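See structure below.
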Amino acid sequence: MVAWAAAVFLNWLNSNDELAISAFAVVINENHTMVIAHLSGGLGNQLFQYAMARQVSMRLGVELRLDLFSYRSDTNRRFALEAYGLPTQPACWRDVFRLFPTMAISRLAPRPIYDRYWRYLNLMGVRARCRHRIMDNWQKAGNLPLRQKGIIAERQLTFDPDVLNISDNSLIVGLWQNQNYFRDIREQLLVDFRVSTTPCQKDESLLRRMAELESVAMHVRRGDKVGRTDFKATSLGYCVHAMNEMKRRLRKP
């Protein structure tokens, strides 16, 4: 079955003229420098990933593009930054090919084949490097090189100062949940993260109600985290206590 899938995949590649055209375009445009942020997870993760890569692109004076490939198979989350007027655009296949050809080629597989045989296709490069290494074994990730063939992969849970000195033409993979990665561009991020879309009628009604009261937002993360040993989900008792505490402190909650 694996051999059959590989044969179908290779035959599809051989008959795809776009691959040859894109590869030629990469060669003639090889001097175009940029950094690419590999986005994954929900809105919170995406904000951190964008902010870190934005700092790198501004320091180097090069273009920033967003790699959205993970949302091809993530059925629980989607790209959520379209509500902001970000000065960037999604990375195309040619952009990834310039930095990591084997990764780009593996991504050309039709989705049914990719989803079913990703373990074998990823041996070409995508899974080995383009992933959050700290999520696999963070104790050992800190001993790994920061850069691997054009991929900058997060290697520790704490701030890694070497990240601030990475070069252009890099694909940046990680969570980067530390303000030291983007502290220096705070004012620019406040501009980037202004909502540019018009709220729907339901949201408009909620905004008016919030403006009339002392509003507090409480983030609850349970759902997919309940029962997991590697994540301490917020208890229902904690949530109820937090709401009661806000009612006690505020005059008009």
- Note on the stretch 65-84: residues touching a residue at least 40 places away in the same chain (Cβ under 8 Å) and in a loop (DSSP other than H, G, I, E, B) are Ser73, Asn76, Phe79
- Residue list for the stretch 199-253, filter: among the acidic types (Asp, Glu), in a helix (DSSP H, G or I) and farther than 25 Å from Arg77 by Cα: Glu212, Glu245
- Task: Quick one: count up the residues across the stretch 84-94 that are aromatic (Phe, Trp, Tyr) and out of contact with any strand residue (DSSP E or B) (no Cβ under 9 Å at 6 or more places or on another chain).
- Result: 1
- Task: Would you mention how many residues in the stretch 175-198 are in contact with a Phe, Trp or Tyr (Cβ under 8 Å, 6 or more places away or on another chain), among the hydroxyl-bearing types (Ser, Thr, Tyr) and not in a helix (DSSP H, G or I)?
- Result: 1
- Filtering the stretch 52-83 for residues that are surrounded by fewer than 16 Cβ atoms within 10 Å (Cβ to Cβ) and touching a strand residue (DSSP E or B) at 6+ places or on another chain (Cβ under 6 Å) leaves a count of 1
- Message: Restricting to the stretch 87-98, name every residue that is surrounded by fewer than 16 Cβ atoms within 10 Å (Cβ to Cβ) and under 13 Å from Ala37 (Cα atoms).
- Response: Gln89, Pro90, Cys92
- Message: Of the conditions (1) more than 30 Å from Ala153 (Cβ to Cβ); (2) assigned by TED's automatic domain parsing to the domain that holds Pro161; (3) among the aromatic types (Phe, Trp, Tyr), Trp176 satisfies every one except a single condition; which number is it?
- Response: (1)
- Output the residue which, of all residues in the stretch 159-181 that are among the β-branched types (Val, Ile, Thr) and at pLDDT below 90, is nearest to the chain's Cα centre (by Cα). Val173
- Message: I'd like to know if the stretch 233-250 contains one or more residues that are free of Cβ contacts under 8 Å to residues at least 40 places away in the same chain and touching a helix residue (DSSP H, G or I) at 6+ places or on another chain (Cβ under 8 Å).
- Response: yes
- Tell me, which residue of the stretch 192-232 that is under 23 Å from Tyr50 (Cβ atoms) and within 20 Å of the chain's Cα centre (by Cα) is modelled with the lowest pLDDT? Asp224
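The values are calculated or read from the model by the stated rules, or taken from the named source; none is laboratory data. Keep in mind the model is a prediction, meaning the values are calculated, not measured. Virtual Cβ from ideal backbone geometry, glycine too; neighbours counted across all protein chains shown.
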